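Readers should treat all values here as calculations from the given coordinates under stated rules, not as data from a laboratory. Every value quoted in this text rests on a predicted model; they were computed, and no experiment measured them. Every residue, glycine among them, receives a Cβ derived from its backbone with ideal geometry; neighbour counts consider all protein chains shown.
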Amino acid sequence: MTGEELPIVPQSVVVPAEEEDEPTFPRYDGPAFLSYGFRLFFLGAAVFAGLMVLVWVAVFAGLVQGEFLYPAREWHVHEMLFGYLPALIAGFLLTAMPNWTDRMPLRGTPLLLLFLLWLAARLLVTVPAVGGPLTVGIDGAFLVILAAYVWREIIAAGAWDRVPIGVLVSFFAGANMLFHLSALQGRPTDVPERLALSVMTVMLTVIGGRLTPTFTREFFINEKIPRPPEVFSRVDGGAILLVLVGAISWIAQPESPWTGLLLIGCGVASLVRLIRWKGWLTWPEPLVLILHVGYGWVGLFLLALGGSILGFGLSTANAVHVLTSGAMGTMTLAVMTRASLGHTGRPRHADRLTVAMYLLVNVGALLRIFAPNAETPTVLTHAILGLSALGWSGAYLLFVFHYGPYLVRPSLDE
């Protein structure tokens, strides 16, 4: 590992699980899909994302009538931020924590019960007759239990360098509860949304900002490309710290011109960081290149959000979709495909269907970001949003079709 280390961001906090020496655990003789968290949760998240966005567009266009716990717009926001994303976070952490701590993974019945808790919450949010308190209790419990699991593993293993992960997951769980409480009290506020989006921005900056140069460096070495990028340096530490400050400022003062200027600075720093990784040289392997594309979306989001606060460029709603549709959609698919291949004993190489997923999710994101104003929709608005949904959701449904069999069957190396 090269580059100077900064104490503010322990490097090992974000070491990709598959890059470390994986501990040897007793063989699991139960169903393959209950052997590791990524199997159930990646598959569940992909099915949910693929169907949920299509339903939302149909409801928005008035093609179907949807009755949910909250109004349609709030339901859409909640389920994308606190339904789809937590499943992906769970899949990643339940797989990474055993490698980080040398402790047994959550598997078998406990893993199934945790997944069923997540699934029950998704179903209950769509059924208003069940009632808010029960739904909130079940939905809120999932992220609280996930956060508790992360903290338990950190404390039991003495893995104090993973504390930032525990803090971020805890804040995310808190944002979910705050969303529910404000909505049930009839005083909806965008603070929980900004908090959740800020947590995800920091997560992508820290974790995505470590995965990308690490796998890029691995690619350079394997392909004998000279001067592989540094995994971590003062530039990376400075960019992470700046994004953290920018995220806090956006939560506290979302309309301040100083926040807008700070976020633009965060975007520039993130893109400088990206350029230093020389991602254009990874084009022969889309499995690596897509990580650069995903991180690039993060930098563009920060620029777009800062511009929207200062009154130029995209609207705030469209700027937010640079993060949700672009960065999150692309980076999560990048991690899901790589982890699903690597942890099931398959070569880490993107085939044609995988490349098609990457193209679909990015085209869908572009269409959503540049769609006409959704507050006063026209026929053109509905058409573009429909195409966007088909592309974005199609990427996840293609993942289910192509990677689903990998996730439910035993690994090739078993």
**Helix-only [θ]222 nm of the chain, DSSP H runs n ≥ 4, -39500 (n - 2.57) each, per residue, nearest 500** = -22500 deg cm²/dmol
**Item:** Calculated over the chain: convex hull of Cα atoms, volume per residue (Å³)
**Value:** 137 Å³
**Asked** What is the extension gain from Thr24 to Phe370, computed as 0.36 nm multiplied by their sequence separation minus the C-alpha to C-alpha distance, in nm to one decimal?
**Response** 119.7 nm
**Fill in**
Charge tally for neighbours of Pro228 with beta carbon under 11 Å away, counting Lys, Arg as +1 and Asp, Glu as -1, is +1
**Asked** In the chain, which whole DSSP H runs stretch at least 15 Å along their own axis (Cα) and average 0.0 or higher on the Kyte-Doolittle scale?
**Response** 37-60, 85-101, 109-125, 132-157, 163-184, 191-203, 234-252, 257-276, 286-310, 329-342, 352-369, 379-408
**Message:** Quick check on the exposure proxy: order Val163, Val298 from fewest to most C-beta atoms within 10 angstrom.
**Reply:** Val163, Val298
**Prompt:** Based on the Cβ-Cβ distance of Thr109 and Val408, what FRET efficiency does E = 1/(1 + (r/R0)^6) give at R0 = 22 Å, to the nearest 0.05?
**Reply:** 0.80
**Request:** Among Val288, Leu241, Trp258, flag the residue with its Cα farthest along the positive direction of the charge dipole of the chain, charges on Cβ as +1 for Lys/Arg and -1 for Asp/Glu.
**Result:** Val288
**Item:** 14 Å beta-carbon shell around Tyr358, net charge (K/R +1, D/E -1)
**Value:** 0
**Message:** Rounded to whole Å, give me the distance from the Cα center of region 197-256 to that of region 257-316.
**Reply:** 10 Å
**Request:** Just report the Cα centroid separation between region 36-79 and region 329-356, whole Å.
**Result:** 23 Å
**Item:** Convex hull projection area averaged over all views, region 217-288, Cα basis, nm²
**Value:** 5.6 nm²
**Prompt:** Where in the chain lies the longest segment free of chymotrypsin sites (Phe, Trp or Tyr not before Pro) that are both loop residues by DSSP (not H, G, I, E, B) and have at most 13 other Cβ atoms within 10 Å?
**Reply:** 1-311
**Request:** Would you mind computing, in nm to one decimal, how far apart the modelled labels at Asp102 and Asp190 are, each placed 7 Å from Cα along Cα→Cβ?
**Result:** 4.8 nm
**Prompt:** By count of other Cβ within 10 Å, fewest leading, how are Met357, Met104, Met177, Met52 ordered?
**Reply:** Met104, Met177, Met52, Met357
**Request:** Calculate the spin-label point distance for Val64 paired with Leu359, positioning each point 7 Å from the Cα along the beta-carbon direction, and give it in nanometres.
**Result:** 2.8 nm
